[in-house]
Amino acid sequence: MKRSSGMPFGAEVRDDGGVRFRLWAPKAVRVDLVLEDAGPSAIPLTKIDGGWFELVTAKATIGSRYRYLINGELKVPDPASRFQPDDVHGPSEVIDPRSFDWQDSSWAGRAWEEAIIYELHVGAFTREGTFHGVEQKLGHLRELGVTAIELMPLADFSGARNWGYDGVLPFAPDSSYGRPEDLKQLVQAAHSTGLMVFLDVVYNHFGPEGNYLHAYSPEFFTSRHHTPWGDAINFDGVGSPVVREFFIHNALYWLEEFHFDGLRLDAVHEIADDSRPNILTELAQTVRRKFADRRQVHLILENVDNASRYLARDQRNQAELYDAQWDDDLHHALHVVLTDESDGYYSDYSKSPMRQLCRCLTEGFAYQGDYSEFHCANRGEISSHLPPTAFISFLQNHDQVGNRALGERITELVPARSLQAAVEILLLAPSPPMLFMGEEFGATTPFLFFCDFHGDLALAVTQGRRNEFARFTRFRSPELRDEIPDPNAEQTFLSSKLDWSEVKGGAHEQWLELYRKLLVTRRRFIEPLLRQTSKVCVNICDDASRALSIDWDFADGPRLELRANLGGAPANRAMHQTGSVIYEAGSADADGMAPWSVRWSLRR
């Protein structure tokens, strides 16, 4: 089977073997095609309406490397390049997606209710740091019990290492991980083992190095809106229809040409768009129409604004736009319960972490229009009407580990039994859980912020990174901040790679066995409930005793019951249950629970 996503821009191989090149460059007077392997000659593109330039030529073919010459002065890569073999400043390569022969035609995806997500960074997941390296670990992930892997952003970035959020060529998987066909092989291999593959995409900004759009398409940006990275991407001003089309086609490209099962849209609260429908709505509606009758495709948000309107369900309880949002509120509340930290955004959860945890477990968001002292504003929308499947829960992810100054995992911060209780709650609660790479075996390697910039930009990134922590008690001293690892140092990246030798041995094997056991329990008892609507009752939620008693009543009659004590002292509260125990850890009876005890039961 051949898969190709037709696009109105970029390089497209035609059936006759020639190549069509198309570039939107409204500021340019002249655009020429420079073929790197055909000498210094430049072939002019024809200027057509709307700021477009176009050329069809037989002088280029599959594998040709090319750049555009703007006004006879500036050579730039194709902004819709499918591959950059020599990084962001080098030539683009003509790729024919039809050259890859797909063997997964029977794959139709998996239902969202089955989602158990595993987030990973391709470069740090294995020593090899490639798509092939990830493919070699698919057996481990299948045996673990996850049903989806989520790849951190792959769009071509400057240098040899990066988290991925500094991408500048959003159609080109970064060459440090392999070629496009290697990524396709990874997706195909995952499907053969029953795993969905999601991709993290960044539609809120371009990275600081290698973005040439300002030179010939300044309409890609607008000064009417601002972001932490400067002028916003122009989704609602003059020229915005082409910009919107560029990003919507990008979403379709990954889903169709690479057969991804879903996308996670990064930090959409930093996307400014006053048009109706806005870009988030139009993108989701386009994806839904495209794949509605073909296969299961899922869309996920990261959104600090807690805008529940994007998570609405239809009469069949199916997502109208986005399937779910990363639930940062739940993470923050549970992290405070475990660590008592109160720096930064954790200050919003330090007064009543148990109450906020209960609200997240039962209603989705802790902040549903409530005032946030950290943000100095009311934050969020009502979410209590949404099903638990609209919220992705986690104890670790790339942000919550990597945005710590020293990249410590939570295993380094809290006792094992406390952490175990939190895991036992999150993996069996109705919301789809997400793990971060290595979490399942208690990895001791940190996950640090890393990149590969040079010169003044590298210095600015390093200083900016360290200055971010000036408001934290631990790093108020400049001398202590200087000990924060340099993001640009290669060793910072290398120390973030998982050490797979840890999997076999002592506590690491025990963690892995716990995760496997919990995910088996989830698939057997919890997953069958999730297609039903539910009502929830909080019987006990006590910040003083740390006792927790919650019941979920599902439409066809089952009741899922959680009883837990997330404190260091016995909880002498009535913790009655009516169902049969499906999982239990720690000492508990009807009149109380020992410290850090968890019990799940199910009444049929």
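Read-outs throughout are calculated quantities, based only on the coordinates presented, and are distinct from any laboratory measurement. What you see is a predicted model; the values in this text were computed from it and never measured. Don't worry about glycine lacking a Cβ; one is built from the backbone with ideal geometry, like all the others, and counts go over all protein chains shown.
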Here the relative contact order (percent) of the chain, from C-alpha pairs under 8 Å and at least 6 apart, is 10 percent
Given charges at Cβ of Lys, Arg, Asp, Glu: the chain dipole, positive-most of H331, Q136, L518 | L518
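State whether the chain is rounded, prolate or oblate according to the following rule on the C-alpha gyration tensor (a ≥ b ≥ c being the square roots of its eigenvalues): a/c under 1.5 gives rounded; otherwise a/b larger than b/c gives prolate, and the remaining case gives oblate. Could you put the intermediate results ahead of the total?
Values: a/c = 1.89, a/b = 1.71, b/c = 1.10.
It comes out prolate by the Cα gyration axes.
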Round to a whole angstrom and tell me the spacing of the C-alpha centers of the range 106-124 and the range 434-491.
-> 28 Å
So what J values fall out for the range 374-381 if you push phi through Karplus, 6.51 cos²θ - 1.76 cosθ + 1.60 with θ = phi - 60°, rounded to Hz, Gly and Pro as x?
-> 5, 8, 6, 6, 5, 9, x, 10
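Using the beta-carbon distance between A160 and D543 and R0 = 51 Å, what value does 1/(1 + (r/R0)^6) give for FRET efficiency, to the nearest 0.05? Show your work: numbers first, answer last.
Working: r = 47 Å, r/R0 = 0.93.
The value I calculate is 0.60.
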Inter-label distance for T61 and H226, nm, one decimal - labels placed 7 Å from Cα along Cα-to-Cβ | 5.3 nm
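Mean residue ellipticity at 222 nm from the helices of the chain, using -39,500 (n - 2.57) per DSSP H segment of n ≥ 4 over the full residue count, to the nearest 500 deg cm²/dmol?
Numbers: 15 runs with 141 residues, N = 604.
So the helix-based figure for the chain works out to -6500 deg cm²/dmol.
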Charges only on Cβ, +1 for Lys and Arg, -1 for Asp and Glu: so what's the dipole of the range 471-575 about the Cα centre, in debye to the nearest 20?
-> 440 debye
Under 4.7 Å Cβ to Cβ, no partner at all: give me those cysteines from the chain, in residue order.
-> C360, C376, C451, C537
How do 288-300, 203-215 rank on mean C-beta neighbours within 10 Å, highest first?
-> 203-215, 288-300
Here the percent of antiparallel bridges among DSSP beta bridges lying wholly in the range 115-521, to the nearest 5, is 30 percent
Shape call, the range 532-603: gyration tensor on alpha carbons, a/c limit 1.5 | prolate
What is the dipole size for the range 485-541, taken about its Cα centre, with +1 at each Lys and Arg Cβ and -1 at each Asp and Glu Cβ, in debye to the nearest 20?
-> 660 debye
Scoring the range 10-99 by relative contact order with C-alpha pairs under 8 Å, at least six apart, yields a percentage of 30 percent
Work out the length of the dipole vector of the chain about its Cα centre, built from +1 on the beta-carbon of each Lys and Arg and -1 on the beta-carbon of each Asp and Glu, and round it to the nearest 20 debye.
-> 1200 debye
For the cross-link pairs K27/K47; K137/K184; K137/K504; K184/K497; K27/K59; K27/K75, which exceed 19 Å when the distance is taken from alpha carbon to alpha carbon?
-> K184/K497; K27/K59
Going by a ≥ b ≥ c, the root eigenvalues of the Cα gyration tensor, does the range 107-249 fall in the rounded group (a/c under 1.5), the prolate group (a/b larger than b/c) or the oblate group?
-> prolate
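Test of understanding: what is the full-extension gain from H269 to S106, defined as 0.36 nm times their sequence separation minus their Cα-Cα distance? Kindly include the intermediate steps, with their values, before the conclusion.
Details: separation 163, 0.36 × 163 = 58.68 nm, distance 3.66 nm.
Full extension from H269 to S106 adds 55.0 nm.
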For Y583, list long-range residues whose amide hydrogen, built 1.01 Å from N in the peptide plane, is under 5 Å from its own amide hydrogen.
-> W600
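Sorted by mean Cβ packing within 10 Å, highest first, what order do the peptides 533-540, 143-150, 24-31, 500-507 take?
Values: 533-540: 14.8, 143-150: 21.0, 24-31: 18.0, 500-507: 12.8.
So the order, starting with the most tightly packed, is 143-150, 24-31, 533-540, 500-507.
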